[in-house]
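To start, the structure under review is shown below, and the notes come after it.
The values are calculated or read from the model by the stated rules, or taken from the named source; none is laboratory data. This structure is a prediction, so every number in the text was calculated from the model and none was measured. No Cβ is skipped: glycine too gets one built from the backbone with ideal geometry, and neighbour counts run over all protein chains shown. The area values use the complete protein model at the heavy-atom level, side chains included, leaving out ligands, DNA and RNA. Shrake-Rupley method; radii C 1.70, N 1.55, O 1.52, S 1.80 Å.
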Amino acid sequence: MPLQRSTTADKNIVDRRQPHRNSDVARAVRKTRDRLAQQAGNPDFDREMLKLHAHSMLSGAFFIPALILLVSVAGLAAGMGLKMLLWGALALACLSPLLILSRRYNATDAALIDPRAATRNYLIAHVISGMGWAVFGLMGCAACTLDQFHVVKAVTLLLAMAATAILTSSISGALIATFALPVLAYAWGATWPASPVEVMMLALLIIALPFLSYVASHLKHSSVMMLSFRSQKDELIAELETAKAMSDEARHRAEEANLAKSRFLASMSHELRTPLNAILGFSEVMANEVLGPVGNKNYREYAGDIHDSGQHLLNLINEILDLSRIEAGRYQLQEEAVTLTMLAEDTCHMMELRARNKGIRIVQQFEPTLPRLYADERAIRQILLNLLSNAIKFTAGGGEVRVRVGWTAGGGQYISVKDNGPGIPQDEIPVVLSAFGQGTIAIKSAEQGTGLGLPIVQGLVAMHGGEFELHSKLREGTEAIVIFPPSRVMEELPAMPTKVAANAGW
C-alpha cells in the first residue's frame, strides 16, 4: 500500500498547501546564508566582486577615453601632428576589449560567471589596454613646443594610474597588469644619461605603482566588508520573513483549531444538555420521592448526589460555551439602559443566603444617583455573580465581602468586589486569569471550581470596552475591579420647564 502523504502543516509549521510562498522563503534563507558564509577566494564571493568590477568599469568608462582624447588633442596642439592622433586611436582600440568584456559580464547573471576564467579574461584585457599607454611612454617629441615632455608623460601616466586604481579595485593585480608595461616603456624611452627631472619622474612612477596597488587592495577590502554587511542584512530580512511565515502559519492553525472547537461545542451543546436535563429531572424526582418513597435512604442520597453532579456538569458546559462564544467573537451584546446599583443590589440579595450559610457578611457601598449605563444586563449580572461567587467561595467563615459601585476619576463607573480571604500570590494572578486556571491556595482551601469565572468576566468587560483589574495580597484578600468607560455612561436630559410642558399639551 503506498504511503499517504499528509496535506496539513507539519511540526515545523510549514504549510504544504502553500508551496510557492514556503519555497520562496526557503530559497531566500539558503541564498543569504550562503552569501554570509562566503570568504575571500570563494567562487560565489568572487562572482560578486567581478560584477562590481564590471559595473565600475562601465560607470567610469567615460574618464579614461576622455583622458586619451584630451592627451591626443593636446599633443596635436603641441605640434606632434598625425602621430598623436594615431596613438589616440590605438589607445581607444586597446581599451575597447575591456569595455566589451565589462558589458558582457555586467549583463550576465552572477551564478553563470566562471570566476577563474573571468578573472583571467579581465587581466588579459587590462594588459591589452596597457599597451596603448606603453606606446605613449615610448613616444618622444623632438619637434614639439614642450620643453619638459617627459614630465607631461609622467603626469599623464600618474593620472591614468590613479583613475585605474579606483576603477579596478575589485580585482587584485589589475593595476599592475595595466601599468607595469607602460612604466617600463617610460624608462626605456627616456634619454640616457637621464636628467635629474626624468629620474625623479621615473622614480615617482615606480613608487606610485605599488602605492596605488596598496590603495586598491584597501578599496577591495572595503568592498568585501560592504558585501558582508549586505549579506548580514539580507539574512536578517530572510529570517524575519521566515519568522513571519511561521507566525502566520501558527496563527492560521490556531484560528482553525479555535473554529473547530467552537463548532464542536456548538454541535455538542444540544447533545449534552438533552440527557443532562433528563438526569437532573429524574434524579430530583427520586431524591424528593415525588412518586412515592424510595425505601432505602442510601438510594435517596445517591439520587441527590446525581442531581448535584449533573447540575455542576451543566454549569460547566454553560461556562465553556459562554467562554467559547466570547473568544470566537460570537457573543452578541443586548445593550440597553441599566443601573449598576440596582443590578449589584439584586445580585447581593441572590448571594445573601449562600454567604449567610458560611457566616460571611456582605457590605454594600453604592454611590447614590448614579446615571444609567448602556450595557448588556445579562452580561453585567453574570459579571457580578461570578465575582461575588468567587469572593464568597474563597472567604473563610466570619469574613467580609465588600461590594462597591461608583464613579471613576475619568467619568466612568466601576464595580469593586473585595474579600478578606487568603489572597493570591502575585505570580499566580496570570494563572487565575487564564481559562481553567486556579491558584494553589484556592485549590487547597476553597470549594471545587472550573476556573472559568474570571476569564468570562474579563471577556465580557472587554466586549463593553472596559477594563478588568485584579489586585491581591497574600493572606490579606483580593479585590476585583470592573471599570466601564465614560462613553457608556448615559447623561440625563434636563427637566423641561412647566410652562413649556403645559404648552406642549402634557
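Numbers below:
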| quantity | calculated |
| --- | --- |
| Evaluation of Pro275 against (1) over 12 Å from Ile317 (Cβ atoms); (2) modelled with pLDDT of 75 or more (one fails), failing number | (1) |
| Subset of the range 341-399 that is over 49 Å from the mean Cα position of the chain (by Cα) and of a type in the set (Val, Ile, Thr) - its residue that is nearest to His464 (Cα to Cα) | Thr369 |
| Condition check for Ala185: open to solvent by 20 Å² or more (accessible area, probe 1.4 Å) and in contact (Cβ under 8 Å) with a residue 12 or more places away in the chain | no |
| Selected residue (only one of Arg354, Arg372, Arg402 is closer than 29 Å to Asp322 by Cα and touching a Ser or Thr at 6+ places or on another chain (Cβ under 7 Å)) | Arg372 |
| Strands (runs of 3 or more DSSP E) wholly inside the range 408-496 that include at least 3 residues being in contact with a Phe, Trp or Tyr (Cβ under 7 Å, 6 or more places away or on another chain), buried (at least 17 other Cβ atoms within 10 Å of the Cβ) and at pLDDT below 85 | none |
| Residue under evaluation Ala391, criteria (1) without any contact (Cβ under 8 Å) to a residue 40 or more places away in the chain; (2) more than 30 Å from Glu271 (Cβ to Cβ); (3) out of contact with any Leu (no Cβ under 9 Å at 6 or more places or on another chain), criterion not met | (1) |
| Residue match in the range 356-377 (condition: buried (at least 18 other Cβ atoms within 10 Å of the Cβ), in a helix (DSSP H, G or I) and in contact (Cβ under 8 Å) with a residue 40 or more places away in the chain) | no |
| From the options Ser217, Ser213, residue that is assigned to a helix (DSSP H, G or I) and either in contact with a helix residue (DSSP H, G or I) (Cβ under 6 Å, 6 or more places away or on another chain) or buried (at least 21 other Cβ atoms within 10 Å of the Cβ) (or both) | Ser213 |
| Qualifying residue in the range 392-401 (condition: at pLDDT below 90, open to solvent by 30 Å² or more (accessible area, probe 1.4 Å), assigned to a loop (DSSP other than H, G, I, E, B) and among the β-branched types (Val, Ile, Thr)) | no |
| Set Leu280, Leu259, Leu240, Leu227: member being more than 21 Å from Ser434 (Cα to Cα) and exposed (fewer than 15 other Cβ atoms within 10 Å of the Cβ) | Leu240 |
| Unique residue being touching a residue at least 12 places away in the same chain (Cβ under 8 Å) and open to solvent by 30 Å² or more (accessible area, probe 1.4 Å) when the list is Ile166, Ile207 | Ile166 |
| Residue within the range 298-307 that is β-branched (Val, Ile, Thr) and open to solvent by 80 Å² or more (accessible area, probe 1.4 Å) present | yes |
| Which listed residue is assigned to a loop (DSSP other than H, G, I, E, B) and either closer than 18 Å to Ala61 by Cα or in contact with a Phe, Trp or Tyr (Cβ under 8 Å, 6 or more places away or on another chain) (or both), from Ser169, Ser102 | Ser169 |
| Which listed residue is modelled with pLDDT of 80 or more, of a type in the set (A, V, I, L, M, F, W, C) and not in a loop (DSSP other than H, G, I, E, B), from Leu313, Leu333, Leu343, Leu321 | Leu343 |
| Single residue of the range 86-112 satisfying the filter (open to solvent by 70 Å² or more (accessible area, probe 1.4 Å) and at pLDDT 85 or above) that is farthest from Ile166 (Cα to Cα) | Leu86 |
| Verdict on Ile383 being surrounded by 14 or more Cβ atoms within 10 Å (Cβ to Cβ), out of contact with any Gly (no Cβ under 8 Å at 6 or more places or on another chain), in contact (Cβ under 8 Å) with a residue 24 or more places away in the chain and in a strand (DSSP E or B) | no |
